[in-house]
Structures are given as structure tokens and as C-alpha cells.
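These notes are about the structure you will find just below.
The values are calculated or read from the model by the stated rules, or taken from the named source; none is laboratory data. Keep in mind that this is a model prediction, so the values were computed, not measured. Here the Cβ is made from the backbone with ideal geometry for all residues, glycine too, and neighbour counts use every protein chain on show. What goes into the accessible areas is simple: the full protein's heavy atoms, side chains included, and nothing from ligands, DNA or RNA. Shrake-Rupley method; radii C 1.70, N 1.55, O 1.52, S 1.80 Å.
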Amino acid sequence: MVEQRQHGRTPVHNSEVYLLRQMPPTFSTIPPLSPPSPITPAEDDDFCNGMPIEALSLSQPAIAVADEKLAVEERLSNAVHVLSTETTALQNLTALYSTDRLAREGFNRAVEAITRCNHPKYPHHQHHSHSRGATDGKIVVIGVGKSGHIAKKLVATFNSLAIQAVFLHPTEALHGDLGQIGPRDTFLLITFSGKTPELLTLLPHLDKSLPLILLTSHTRPETCELIKHRPDTILLPAPIHEPETKSFGVSAPTTSTTVALTVGDALAIVASRELHPSVASVFAKNHPGGAIGAALRKPSSSEKSARELAVRMEMIPLLNTPPEKTATGADVLRAGYASPSGWVRLQTGDVISPRRIRKLDSADLVTRLEELKGWLVTSKKEFVPVAADSSVEKAAEWVLGMRVALGDGQYEDNAIVAVMDRGECVGLLEVGSLMEEA
């Protein structure tokens with residue numbers, strides 16, 4: 001039984017059953033008493049064994065670890081933001097050159113200017129005239145600041161792909177370096193703003209008869225200050241989708257240099273493919289050092305035979321034109337483009353090599369093939385015979401010796417080597433390709 005307290009106090013709280021007096025009828029409507037609340041432990045001096053609450057907080061080393069993890073996450077997040085921003089810029093650039101008429105026309109004109117200055121057949125301005133044996137031109141790449149660094153990188157890329165290029169600093173140009181410029185050169189100016197003061201100062205001193213390509217953020221010529229001073233400029237757009245201050249909070253050239261470098265690389269690769277039968281072979285020849293050179297290194301020319309290098313006759317398709325139609329240079333160009341080897345063969349057995357096809361200009365495309373045969377077609381009697389099992393090195397030495405001895409043009413780079421096996425021609429090879437391989 002529970003001991004009741006004196007003076008009307010409530011019963012003591014414990015785990016036993018409480019037996020209370022029956023309430024008088026007048027109190028029947030009063031709700032029953034609520035269950036007792038547990039004793040608050042805060043009043044107990046023994047809680048936490050006397051340890052202050054502050055002692056249960058995170059220790060300083062634990063806080064430092066958490067801060068370091070947050071710093072790493074923020075660091076990587078910032079890096080991903082930069083990568084994502086520059087990726088978006090390149091995606092927009094790809095869309096521009098896939099759909100925009102002015103950008104596509106500008107790139108096409110730029111490639112033509114570069115390939116023309118590397119082919120002596122084309123006098124590409126009206127004040128100079130050159131024969132097919134004249135010295136090739138080069139690309140003169142001009143820029144200052146970060147654009148200057150991009151220019152130097154592109155010069156290295158052009159040269160490694162066997163496209164002659166030099167860097168010209170605009171300030172040094174005004175102090176004597178204009179002497180580097182030749183009569184067949186092409187200018188490539190790089191400026192994001194399109195109004196770099198150093199370039200605007202240099203512009204009046206650049207030969208107006210030479211082609212000028214402008215790599216800039218502008219997508220329309222009317223918005224570019226430099227083009228206003230030289231309207232015949234070839235516009236090569238390299239825009240960004242948002243200012244770098246918006247992307248990164250600073251105007252340091254980042255996204256803008258990425259897109260400029262990418263367009264320049266595209267220009268170098270495409271032009272090299274049009275100038276050389278094998279871009280890989282010229283790059284391997286020009287880049288023998290380092291890990292890249294080791295990876296590209298091929299068997300020695302003394303080990304490779306002329307047969308291995310030659311284009312097999314079955315890989316050279318016939319030029320087929322309807323009987324009622326007269327073949328033109330355009331027909332030859334289409335056939336060469338469709339040919340797996342780049343070569344074209346006539347019904348007579350005469351051939352047209354890739355080097356000669358690449359020398360076709362716009363006027364040649366509407367000219368009858370008969371009128372072009374003097375320089376475009378190589379007849380069978382002009383073939384230079386070489387034994388199929390001769391090494392590339394020995395074959396090149398022999399051809400070079402004949403070139404020196406005769407000096408009549410028969411053994412120049414666009415001459416044709418016939419690779420012979422037991423009196424039968426099993427393949428053809430351009431003298432230029434043979435020399436490059438040797």
C-alpha cells in the first residue's frame with residue numbers, strides 16, 4: 001500500500017499501483033490526472049560525470065579535417081567549372097563552322113591562301129609573277145601578348161606539318177623585321193579584340209597585295225576595327241559564348257585563347273592534308289625526337305622497298321566520262337577526290353598524280369583536259385623505271401643522280417616512278433614521295 005502524505009499532498013511517484021479514494025459524485029466530470037513527467041536529469045549533479053558540455057564538441061583536429069575536405073571539393077568544383085566552360089565554347093565554335101556561311105567561307109578562303117602560297121604555280125597577287133620553279137611562300141603569323149604565344153605555338157604546328165611559317169612580333173616588325181616578309185607570303189594576324197593597337201599601327205606597313213587572314217572573336221566584318229582599315233581581310237572567327245569576366249570573374253585570356261588555338265590547329269591540319277599526300281609521313285620526318293618521334297619512327301629507308309611504298313595499279317581508277325562529254329579539269333578533280341589513292345588513270349595508260357591534281361586552279365576546272373595535258377598528265381613514256389625490290393634509299397639515290405645528270409625536269413618531285421617487277425609495272429610512285437620517304 002502506498003503511504004499517503006499528510007496535509008493533502010499527492011502520492012509519491014513510484015512504479016507501484018496507486019489506490020485512491022473514490023471521488024465524490026460532484027467531481028465525476030473532472031478529467032483524470034495526467035501521468036507524471038520524468039525527473040529532469042539536468043538537476044542531477046552527477047550528469048555527464050561532471051564533464052562540461054563544451055568538452056563534448058568537435059575537437060580542433062576534426063574541424064581541420066572537415067575544412068580540408070570542403071576546400072578540396074571547392075577546388076575540384078572550380079576546376080570542373082573551367083573545363084565545362086571551355087568545352088561549351090568549343091561546342092559553340094563547332095556549331096558556328098558547321099552552319100554559319102561567313103565562318104565557312106572565311107575558313108575556305110584561308111586554306112586556299114595558305115595552299116597557294118606553298119605552291120609556286122599560283123601567283124596569288126597581281127603585282128608579282130612566278131614560274132613553277134619559284135620559291136614557295138610562307139605564313140607570317142603576327143600577334144602580341146597572349147595572342148603572341150598562340151601565334152608561336154601555331155608556327156611550330158605549321159612547320160611540323162611541312163608548312164613554312166614564321167612568327168613576327170608587331171613591334172619588332174617596325175624596327176627592321178619587316179625584312180622577313182617575302183613576295184609570296186600570307187599574313188595570319190591574331191587578335192581577340194580586333195583592335196589591338198600594335199597591330200593597327202603595323203597594318204599600313206604590310207604589303208596590301210599579300211593575303212591577310214584575321215583570327216579574331218568577331219563573327220562579322222563590319223564589327224571589327226582592323227577589317228575597316230583593310231576590307232579585303234579574310235575573317236576567321238573564334239568567338240566565345242560569354243565574357244571571361246562572367247565565366248571566371250577575371251578577364252585573363254582563357255576561353256578566348258582556347259578557341260583561337262583550336263581554329264588555328266584546324267587550319268594547319270586541313271591545309272597540310274591538301275598540300276601533302278601523307279601528313280603522317282611529313283610529320284614523322286619533321287618530328288624525329290622525343291616520345292612522339294619514337295612512336296612514329298618507321299623502318300629505315302634502307303629496309304623498305306620501292307614496292308612497299310608504291311601505289312598498286314589496281315588502286316588507280318580510270319577517269320570515266322560519258323562519250324558525249326569532253327573531260328575537263330573538274331572531272332579530274334572529282335575523280336581524284338573519289339580515288340582511294342588520289343591517283344587517276346586514263347584509258348591510254350597515262351596517269352595524273354595527286355601532286356598535279358592539287359595544282360588545279362579555278363580556271364583549270366573549266367578547261368578541257370586536252371589543253372591541260374602538257375603539265376597535268378604524265379604519259380607512260382615519261383615514267384622513271386625502278387626495280388620493285390630496290391630499297392627506298394637506293395631508289396632515291398639513283399633518281400637524285402639522274403636529276404643532277406640530266407637537269408631537264410624529268411626527275412623533279414612531280415615526276416612518276418614506275419615500280420617494275422619482271423618487266424611489268426606493279427605500282428607507281430611520285431618522285432617527291434620517294435624523296436620524302438628516303
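Restricting attention to the range 376-396, the residues that are in a loop (DSSP other than H, G, I, E, B), open to solvent by 20 Å² or more (accessible area, probe 1.4 Å) and in contact (Cβ under 8 Å) with a residue 60 or more places away in the chain add up to 2.
What do you reckon, is Ser300 more than 22 Å from the chain's Cα centre (by Cα), open to solvent by less than 60 Å² (accessible area, probe 1.4 Å), at pLDDT below 70 and of a type outside the set (A, V, I, L, M)? Criteria met by Ser300. When Arg368, Arg358 are checked against the criterion of being open to solvent by 20 Å² or more (accessible area, probe 1.4 Å), under 20 Å from Pro277 (Cβ atoms) and modelled with pLDDT of 85 or more, Arg358 stands alone in meeting it. Reported count of residues in the range 162-174, each being modelled with pLDDT of 95 or more and outside any strand (DSSP E or B), is 6.
Scanning the range 235-285 for residues that are assigned to a strand (DSSP E or B) and open to solvent by 10 Å² or more (accessible area, probe 1.4 Å) gives a single hit, Leu235. Gly133 meets all of the listed conditions (1) open to solvent by 10 Å² or more (accessible area, probe 1.4 Å); (2) more than 27 Å from the chain's Cα centre (by Cα); (3) at pLDDT 95 or above but one, namely (3).
When the range 191-235 is filtered for residues that are within 14 Å of Thr257 (Cα to Cα) and among the hydrophobic types (A, V, I, L, M, F, W, C), the ones remaining, listed by number, are Phe192, Leu215. The residues listed here are Glu16, Glu68, Glu54; of these, the one that is open to solvent by 100 Å² or more (accessible area, probe 1.4 Å) and modelled with pLDDT of 60 or more is Glu68.
Considering only residues in the range 397-433 that are out of contact with any strand residue (DSSP E or B) (no Cβ under 6 Å at 6 or more places or on another chain) and in contact (Cβ under 8 Å) with a residue 60 or more places away in the chain, the one that is surrounded by the fewest Cβ atoms within 10 Å (Cβ to Cβ) turns out to be Asp421. Within the range 101-115, the set of residues being of a type in the set (D, E, K, R) and touching a residue at least 24 places away in the same chain (Cβ under 8 Å) comprises just one member, Arg109.
Scan the range 154-198 for residues that are touching a residue at least 60 places away in the same chain (Cβ under 8 Å) and farther than 18 Å from Ala110 by Cα and the total you get is 1. Scanning the range 203-226 for residues that are surrounded by fewer than 21 Cβ atoms within 10 Å (Cβ to Cβ) and in a helix (DSSP H, G or I) yields Leu203, Pro204, His205, Pro221, Glu222, Thr223, Glu225.
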